[in-house]
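Every number in this text was worked out from the coordinates using simple rules, so none of it is lab data. Just so you know, these numbers come straight off a predicted model, no measurement behind them. Every residue, glycine among them, receives a Cβ derived from its backbone with ideal geometry; neighbour counts consider all protein chains shown.
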Amino acid sequence: MVEFMADKDTETQRLPYRLREPFLASTELALFRVLTELMGKRYSICPKVSLNDIFYIVRPNENVHFFNKFFRKHVDFLLCDMQTLTPAFGVEIVRPISKKEVRETDKFLEDLFTDAGLPLVHVPSSESYDPSDVITLFQLAVVKIGGTVPLRIETPTDFVPNCPVCGKMMVLRIDRNGSGVGRKYYGCMDSPRCAGVVSID
């Protein structure tokens, strides 16, 4: 009886997380295999990359309302240079959804990648993919991006760190109290619920 209670106590103390299976859906896994076959010697193929890890918001104090557009969203695959891991292509599986959702989500992703000068390849969802069709879609994406000049960091204030506690965007703040009055620092946009702070040297 005592042994049973001890096992139950151990079980209740475990964190309420479980491994998500499968990591890739069958359509994603099929495309990953084709991409590896076609591009694996030239690019590192990273699945499910957070948009927040690829892009940042300029002048965050002015544009804080744009944060929710890409927070907790991802691109299905990001192809990166083998040596530098510089992003080279985004790949998004296009799933059959309503026309309204297609306009909103696909248009946003397209604009996001285009402004950065990155081709975004739209691949129709399928359980299997013809390598020649995938190559054609890559070529179309390169042609579509054309001579777009990517937007880069213009001034140091264009870039802000992500919160080291919760990962959300940070905003520039000025200390109003104590010995550090007038000191600038980055505070989490979710303050006071999140106490994340990054000092500015």
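Amide H to amide H, with H built 1.01 Å from N, VAL121 comes under 5 Å of GLY90, VAL91, GLU92, counting only residues 5 or more places away or on other chains. Roughly how far apart, in whole Å, are the Cα centres of segment 108-132 and segment 13-90? Segment 108-132 and segment 13-90 have Cα centres separated by 13 Å. Based on C-alpha pairs under 8 angstrom that are at least 6 apart in sequence, segment 26-145 has a relative contact order of 25 percent. With the simple spin-label model, which puts each label point 7 Å out from Cα in the Cβ direction, the VAL49 to GLU104 separation comes to 2.6 nm.
Remark: spin-label model distance GLU21-ASP190 equals 2.9 nm, labels positioned 7 Å along the Cα→Cβ axis. With both residues required to sit in segment 26-145, DSSP beta bridges show an antiparallel share near 70%.
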